[in-house]
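Bear in mind that the values in this text are calculations on the coordinates, not laboratory data. Because the structure is a prediction, the values reported are computed rather than measured. Don't worry about glycine lacking a Cβ; one is built from the backbone with ideal geometry, like all the others, and counts go over all protein chains shown.
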Amino acid sequence: MSAQSVLVAAAALLLTACGGGSLDREMELQPPPVAPAADVTVLMMGNSHTTVNQLPQQLEALLRAGLPGKSVAVAVAPGWLFLDERLADSQSLALLRSREWTAVVLQAQKYSTTGMYQYSTAGAEALVREARKAGALPVLFPEWPRRGVAETDTIYDLHVSIARQQPACVAPIGQAWDLARERMPALTLHAADGNHSALAGAHLAALMLYATLTGTSPLGLPVIDIGGDGVTQTQLRQVAAEAAQAYPPRRHCPADKAPAAQGLAAGNTMGATPPSALSQ
């Protein structure tokens, strides 16, 4: 590969799933996180798309609201890493293997923003296998499209290809964003950089993850304190319910129930996909 090609590839990587990359020195010095104890435990592995605007905390609040009587803990693996880097990170693997998780959410698969390159999905597939060894339901988190770029199907189809190799749920987050932009064109979903989420975008992603994890519609959820104004949350719940109905997120989930996956119980299931791995 020529030096020019190397530079082009590097530039493409910088635009891909922004926020991924090696840990900075401060993060490297932090002690490894401790696995939480709760009835429902979710581990999120990704980059800045996973953590911006308190997305994990929003998901935890939604799960608590939707699962009364259950204790819920959502943990985030250390640092911002692509999935192939995550597989090589000892702290992340130690956390993943430290307990039986209810679910593991995987975000930050590399993809070519130009369409000129192909990146391996072997790391993501290996993490799906590791999640299942940990008794967890693996959930793939395809990022929303960048502002002004029609890439929802490309990103979603890439994650579906991973699930076909190693069965996992695939959350239709990009499709939900597209529907929200169509229904509410004045709503700000993207941050100023056009890549990361604004608060409403993070809330919509959390709603889609809730629907994916539980196999139930988010329509009955209440307003949460950290999700933005109540009117917008109500509108986004409707969007999330419709997106999950059109693109059943559990279509590619494992058929077998994971040992630790008894914490989530399905109520109003969505689409034709049965609530298998996480529901009773």
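Less than 5 angstrom separates the built amide H of M44 from those of A75, V76, A77, V105, all sequence-distant by 5 or more or on a different chain.
Backbone amide hydrogens, once placed in the peptide plane, bring H190 within less than 5 Å of A198, excluding anything fewer than 5 places away on its chain. Model label points for R183 and A37, set 7 angstrom from Cα along the Cα-to-Cβ axis, are 4.1 nm apart. Take the Cα of E100, step 7 Å toward its Cβ, do the same at T114, and the gap between the two points is 4.8 nm.
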